[in-house]
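What follows is a set of notes on a single structure, which appears directly below.
Taken together, the values in this text are just the output of simple stated rules run on the coordinates, not laboratory data. Note that the structure is a prediction, hence the values are computed from the model and not measured. For neighbour counting, all protein chains shown are included, and Cβ atoms are generated from backbone atoms with ideal geometry for every residue, glycine included.
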């Protein structure tokens, strides 16, 4: 277990308290470690409380498919705020909170295909904690604000920018881009999105530092 994961899991469980269900959002710039943290939290909380006590609903499942991005002329900006179905995401999170006694199916995302996958995830009725992560959970646009309204708390993942960019390039290469194309995508697309995300960091409830010593929850 990565150092700090147990402490973050304890804080997430404490957030639930005696409430029927909460949704914890993990925000941060591209490559900061949001998905890694979300998956670590789900594993750690599941180990403490039982697998069905916690569920995962990633924002990436609400990427517009490439066919829609092509139709809208947005393929070259994939990952920007307007390349997601923010309204559908907000609606699903509302169902997660308002229909706790029914299984709620949610889309996942295949990084090899770079496409969303319908009903790949499920929030079972037993789930008390639902973890969701994405770049724009704190974005001030009205469509994204409706997402924020469904979240009990949002934790913002902060890490060294040079390290974050190197992780991003490595990830793009792992999933099929040539190194020069990966670097160009990071510089021309991901970093523009990172500026938007960082500008909203002050809206977070707490900060999680992703550093060499592991995860540290502050605030």
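Using only DSSP helix segments of four residues or longer, with each worth -39500 (n - 2.57), what per-residue ellipticity at 222 nm results for the chain after dividing by its residue count and rounding to 500? Walk me through the intermediate numbers first.
Working: 8 runs with 85 residues, N = 219.
Helices in the chain give a 222 nm mean residue ellipticity of -11500 deg cm²/dmol.
The angle between the Cα long axis of helix 34-49 and the longest principal axis of the Cα atoms of the chain comes to about 20 degrees, rounded to the nearest 10.
Potential lengthening of the chain between residue 174 and residue 201 amounts to 6.9 nm, from the contour at 0.36 nm per residue minus the alpha-carbon distance.
When only alpha carbons are used to place a centre, region 34-67 and region 129-182 end up 13 Å from one another. Working ranking of peptides 47-56, 12-21 by packing, defined as the average number of other Cβ atoms within 10 Å per residue, highest first, is 47-56, 12-21. If one takes the longest principal axis of the Cα atoms in the chain, at what angle in degrees, from 0 to 90 and to the nearest 10, does the Cα axis of helix 86-98 lie? With both axes taken from Cα atoms, the answer is about 10 degrees.
With the simple model of a label 7 Å out from the Cα in the direction of the Cβ, residue 110 to residue 188 spans 2.7 nm. Full extension of the chain between residue 145 and residue 126 gives 4.1 nm of extra length, using 0.36 nm per residue less the Cα-Cα distance. DSSP bridge analysis restricted to the chain gives an antiparallel fraction near 40%, rounded to the nearest 5. Entry note, the chain: relative contact order of 31 percent, from Cα contacts under 8 Å with a spacing of 6+ residues.
By how many degrees, 0 to 90 and rounded to 10, does the Cα axis of helix 5-16 deviate from the longest principal axis of the chain? Once rounded, the angle reads 60 degrees. Compared with the alpha-carbon gap, the fully stretched path from residue 217 to residue 101 is longer by 38.6 nm at 0.36 nm per residue. When the chain is treated as a Gaussian network with alpha carbon springs shorter than 10 Å, the biggest mean-square fluctuation among 130, 122, 147 belongs to 122. Taking 7 Å steps out from each Cα toward its Cβ at residue 67 and residue 181 produces label points 2.2 nm apart. Computed from these coordinates, which is semi-axes √(5λ) of the Cα gyration tensor in Å: (1) 23, 21, 18; (2) 51, 18, 14; (3) 26, 21, 16? Of the labelled values, this structure produces (3).
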